[in-house]
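Worksheet: the structure to be examined is printed underneath.
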Amino acid sequence: MPDTDDRGGPLAATPAQTIGPFFGHALPVPDGGRIAPEGHPDAVTVHGLVRDGAGAPVPDALLEFWQAGPDGGLAGAPGSLRRDGAVFTGFGRVPTDAGGHYAVRTLRPAAAGRSNAAPHLAVCVHARGLLHHLFTRVYFPEHTAAHATDPLLAQLPEERARTLLAHPDGPGRYRFDVQLQQSADGAFEETVFLAFR
């Protein structure tokens, strides 16, 4: 017998919904934003805001960062989840706070892999409303010459490439906002996201 409401009629179907997010319990790691060794003199902070298509902060996003070290080496093999402050891990995972903000403390990367690639942080974004996570990059403004030859930046129109550049925000600080979708009024341009096949 089908389910019925209190008048004996059939129950209406509930609307479809995107499940999640389920990030709060196990995915954030203590000190997940500390990628650089504690007290390292060359450490920098990359911080910013994650916004949705209406320009509103996303208070329940989760961002993962991977990067090469200052020597171009790829860390992250044994001990990438270590957070004892003694090693450069090359990996960080941080949730956004109630205002949609995030921050990681890391070292500026050197180019890794391709000789013509500009130094960058790789970012994976998980957020409500997304059925699949999104990939993007953070490039640093000091590497202008390398930006011209970077395989990704070189193929993007200048206005789109700008969405991948961090902006200086005080000594040792960079701001990088993630815009999940372009706002209807055009005030916020969608961050460039990458598709891996």
ask   = When only C-alpha pairs under 8 Å and at least 6 residues apart count, what is the relative contact order of region 23-179, in percent?
value = 28
query = Quick one: length gained pulling Arg162 to Ala86 fully straight, 0.36 nm per residue minus the C-alpha distance?
reply = 23.9 nm
query = If you take every DSSP beta bridge whose two residues both sit in region 23-179, what share of them, in percent to the nearest 5, is antiparallel?
reply = 80
task = For Gly48, list long-range residues whose amide hydrogen, built 1.01 Å from N in the peptide plane, is under 5 Å from its own amide hydrogen.
result = Tyr102, Phe176
request  = Sticking with the crude label model, points 7 Å out along Cα→Cβ, report the distance from Cys124 to Ser183 in nm, one decimal please.
outcome  = 3.0
³J(HN,Hα) computed for each position of region 157-167 - Karplus, 6.51 cos²θ - 1.76 cosθ + 1.60, integer Hz, glycine/proline x = x, 3, 5, 7, 4, 4, 6, 9, 9, 6, 10
inquiry  = Just to check I understand the Karplus step: with θ = phi - 60° and J = 6.51 cos²θ - 1.76 cosθ + 1.60, what whole-Hz values come out for region 90-103, glycine and proline as x?
reply    = x, 9, x, 9, 9, x, 7, 8, 4, x, x, 8, 9, 7
task = In nm, give the distance between the simple-model label positions of Ala98 and Asp31, each being 7 Å from the Cα along the Cα-to-Cβ direction.
result = 2.6
message = Between Asn116 and Ala145, what is the label-point separation in nm under the 7 Å Cα-to-beta-carbon projection?
response = 1.6
ask   = Taking H as built 1.01 Å from N, whose amide H comes closer than 5 Å to the amide H of Arg108, not counting residues under 5 places away?
value = Val44
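With a 1.4 Å probe and all protein chains left in place, how much of the accessible area of region 23-179 comes from carbon and sulfur atoms, in whole percent?
Working: 4200 of 7420 Å².
That fraction is 57 percent.
The values are calculated or read from the model by the stated rules, or taken from the named source; none is laboratory data. Quick caveat: nothing in here was measured; it's all calculated off a predicted structure. Cβ coordinates were reconstructed from backbone atoms using ideal geometry, including for glycine residues, and neighbour counts include every protein chain displayed. Protein only, heavy atoms only, side chains kept; ligands, DNA and RNA dropped before computing areas. Shrake-Rupley method; radii C 1.70, N 1.55, O 1.52, S 1.80 Å.
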